Structure formats: C-alpha cells, structure tokens
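Step one of this worksheet: look at the structure below.
The values are calculated or read from the model by the stated rules, or taken from the named source; none is laboratory data. Quantities reported herein were computed from a predicted structural model and do not represent experimental measurements. When we count neighbours, we look across all protein chains shown, and the Cβ atoms used for this are built from the backbone with ideal geometry, even at glycine. Each accessible area value is taken on the protein alone, full model and side chains, heavy atoms only, with ligands, DNA and RNA left out. Shrake-Rupley method; radii C 1.70, N 1.55, O 1.52, S 1.80 Å.
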Amino acid sequence: MRVKTTTQTLRRLKGVRPIVAVTAYDTPTARLADAAGVDLILVGDSVGNVMLGFDSTVPVNLDMMVHHTSAVARANTRAMVAADVPFAEAHFDFERVLASCQRLIQVGGAAAVKVEATSAQAPMIARLVEAGIPVWGHVGLKPQQLHTLGKYRKFGRTADEAESVLADALALEAAGCFALLLELTDAAVAARITARVAVPTVGIGAGPDVDGQILVCADLLGLNTGYVPGFARAFAEVGDVMARGFAAYTEAVRQRTFPGSPPAAPPAEPTS
Ligand code: KIV
C-alpha cells in the first residue's frame with residue numbers, strides 16, 4: 001500500500017534528512033516528480049509566469065489555482081500536495097479566506113495551502129489551522145508583493161530586516177503553520193530561523209542551512225523560456241529535448257515520412 005506523505009511526515013523529517021520539494025502544475029509532471037521520490041509538490045502560483053504566459057504571479061486567481069491543483073491531485077501522488085493561496089486572497093475577511101482554502105482542499109484536492117504572510121496575519125492563520133486547514137507559511141521574499149517592492153530581491157540583509165523576517169517566521173510557527181517556506185532569504189537568517197523553529201523550513205534561494213529545498217519544476221528541468229533565477233540549477237535540459245522532438249515531427253510531416261513506419265535503426269556496431 002502507498003503511504004501518503006503528510007504534514008506529520010514532513011515534521012518528522014526535520015533534522016533527519018532534507019525534504020525534497022518541487023512545483024508542478026499538471027498531472028504528468030506530478031507523476032514524474034512523485035516517481036522520483038519527492039516529498040512535497042507545490043502547485044505554486046508560479047503557474048502564472050511559468051506556464052500561463054503572465055510576467056508575475058499577481059494575475060493568478062483562485063479559479064486558476066483550483067484548476068491546476070485538481071490536475072496535480074489527479075496524479076494521486078505519494079508526495080503531499082500543497083496549493084498556493086493566490087494574490088491578495090489571504091487579506092479578505094476570515095470567512096472568505098476560509099472558503100478559498102476550503103475550495104483548494106475540497107475541490108482542488110490539496111492536502112495543505114501555502115500563504116505568503118507576515119506576523120500581522122498570524123491570528124488569521126491560527127483560525128485557519130483551528131478550522132483544520134494545514135498552512136505552510138511563506139516568508140522572506142513574497143512575490144505577490146511585486147508591485148509594492150518594484151523587483152524581486154533578497155530579504156534579511158540588514159539587521160532590521162533580518163529581525164523582521166525572523167519575527168514573521170516565529171509568529172507563523174506560533175500560529176500553527178506545519179512548515180515555513182523561506183524565499184530569497186539571506187542564508188545566515190535562514191539558518192537562524194531553521195535553528196529556532198521546531199517545524200521544518202524549506203528554502204528557495206535561502207542557502208544550504210534549511211530543512212529542505214524547493215525549486216520551480218521548469219527551472220530544474222531546463223524548460224523555462226523566461227527568467228531563470230541565479231540560485232536555480234537545471235538538472236536536465238527538457239526544453240532542448242522538446243525542441244528536437246517538435247523539429248523532427250515538423251520535418252517528418254513535410255517530408256511525408258510520417259505517417260508511416262519510423263526509419264529503421266542503423267545496424268548495431270560490433271562490440272569487439
Ligand atoms: O509559487 C511558487 O512556485 C513558489 C516558490 C517560492 C516555490 O511559491
């Protein structure tokens with residue numbers, strides 16, 4: 001029987017081994033990531049810039065998140081699936097935020113939600129947790145703040161900002177978040193947070209001293225046709241493989257070699 005990864009599994013991994021997390025937005029990608037053994041799949045609002053042609057996560061709305069979350073949930077992964085609460089949604093009144101989380105979980109099939117938040121939202125998050133919504137708190141760079149920030153940048157480089165990111169992390173842990181995502185957070189600050197909190201931290205551009213890492217699937221697969229952050233690494237060149245596949249198909253149709261039998265493979269070279 002397949003044992004599902006849960007928030008409790010992730011908590012138990014802290015200090016034992018790094019948590020492996022990736023984003024996915026569709027069924028086949030979620031299946032492939034799961035087969036590789038990842039622990040946690042995030043249906044990120046990065047679907048906006050990675051898959052939907054927007055230039056940020058800001059235009060992504062709840063309907064889009066539910067649509068992509070259900071596609072990932074249908075992969076029926078062993079990995080836990082979490083979904084982002086999209087732009088501004090977590091700032092409505094509690095009933096609306098609860099209803100949005102309920103949709104992501106009941107209709108989308110997510111096991112948890114991720115909320116970009118500061119300590120100011122800790123009371124609201126505590127109420128969500130009380131209602132049975134597992135919340136993954138997201139601190140450091142919060143890409144949904146792009147229009148306020150002007151650009152994406154590292155957080156926690158000044159002493160004041162380091163204290164403020166630490167305070168956010170501690171408040172979200174106290175509110176009951178089962179894990180914290182530290183995005184573009186100064187590595188020393190991420191290490192401090194990781195040492196202070198009992199819940200696992202998952203970093204992206206936050207250095208090595210965190211409890212797990214997450215990357216956007218298109219970045220790690222070499223599939224991103226837009227901006228790729230400097231901290232990301234391509235572990236495969238799927239974009240090149242796809243480009244070659246499309247070119248071979250185009251050529252085969254134009255040359256009328258498709259439909260029909262594929263060209264015979266060249267005879268194998270003698271081995272000795
Ligand atoms: O939406 C997203 O992809 C994220 C990343 C920080 C993992 O939140």
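Starting from the Cα gyration tensor of region 1-156, take the square roots of the eigenvalues, sort them a ≥ b ≥ c, and report rounded, prolate or oblate (rounded when a/c is under 1.5, otherwise prolate if a/b is larger than b/c, else oblate).
Because its axes are fairly even, with a/c under 1.5, region 1-156 counts as rounded.
Per residue, how much accessible area does the chain show when a 1.4 Å probe rolls over the protein heavy atoms, in square angstrom? List each step's numbers first, then the result.
On the way: 13890 Å² over 272 residues.
Counting only protein heavy atoms, the per-residue value for the chain is 51 Å².
Under a 1.4 angstrom probe, counting protein chains only, how are E161, E269 ranked by accessible area, largest first?
On the way: E161 40, E269 155 Å².
Reading off the accessible areas and sorting them downward yields E269, E161.
Taking every alpha carbon pair in region 66-186, what does the distance histogram look like in 5 angstrom bins from 0, in percent?
Pairs per bin, as whole percents: 2, 12, 21, 23, 19, 14, 8, 2, 1.
Tell me the angle of helix 238-254 to the major Cα principal axis of the chain, expressed in degrees between 0 and 90 and rounded to the nearest ten.
30
Between region 175-223 and region 7-81, how many Å separate their Cα centres?
15
Given an 8 Å cut-off on Cα distances and at least 6 residues of separation, report the relative contact order of the chain as a percent.
Numbers: 486 pairs, mean separation 42.2, N = 272.
Normalised by residue count, the contact order of the chain is 16 percent.
Nearest 10 degrees, 0 to 90: what angle lies between the long axis of helix 187-196 and the longest principal axis of the chain (Cα atoms)?
Helix 187-196 and the main axis of the chain meet at about 60 degrees.
Using 7 Å Cα-to-Cβ label points, what is the L32/A88 separation (nm, one decimal)?
3.5
Run the Debye formula on the Cα coordinates of the chain, all scatterers equal and no solvent, and tell me log10 I(q)/I(0) at q = 0.09, 0.10, 0.11 1/Å.
-0.44, -0.53, -0.62
If each residue of separation counts as 0.36 nm, what is the full-extension length gain between V129 and R12 once their alpha-carbon separation is subtracted?
Values: separation 117, 0.36 × 117 = 42.12 nm, distance 1.90 nm.
This chain segment gains 40.2 nm when fully extended.
Taking all protein chains in place and a 1.4 Å probe, what share, in percent, of the accessible surface of the chain do carbon and sulfur account for? If you can, show how the numbers build up before the last one.
Numbers: 8050 of 13890 Å².
On the chain, the fraction of accessible area on carbon and sulfur atoms equals 58 percent.
Taking the Cα-to-Cβ direction at V238 and at N76 and moving 7 Å from each Cα, how far apart do the two end points lie in nm?
Taking the simple label geometry, V238 and N76 are separated by 2.2 nm.
Please arrange D211, D55 by accessible surface area, largest first, computed with a 1.4 Å probe and ligands excluded. Display every interim value, and only then the final one.
Numbers: D211 20, D55 140 Å².
Sorted by accessible area, descending: D55, D211.
Looking at the chain as a GNM with Cα springs under 10 Å, which of A190, A243, A82 has the largest mean-square fluctuation?
Answer for the Gaussian network model of the chain: A243.
Of the GluC sites (Glu not before Pro) in region 170-249, which ones lie in a loop per DSSP and count no more than 15 other C-beta atoms within 10 Å? Let's see the in-between values first.
Working: sites: E173, E183, E237; in loops: E237.
For GluC sites (Glu not before Pro) across region 170-249 that sit outside H, G, I, E and B with at most 15 neighbouring Cβ atoms in 10 Å, the list reads E237.
Any idea of K154's accessible area? Nearest 10 Å², probe 1.4 Å.
Roll a 1.4 Å probe over it and K154 shows about 60 Å².
Sorted by accessible area with a 1.4 angstrom probe, largest first, how do Y152, Y227 fall?
Y227, Y152
If you line up the long axis of helix 159-174 against the longest principal axis of the chain, both from Cα atoms, how many degrees apart are they, to the nearest 10?
The angle comes out at about 90 degrees.
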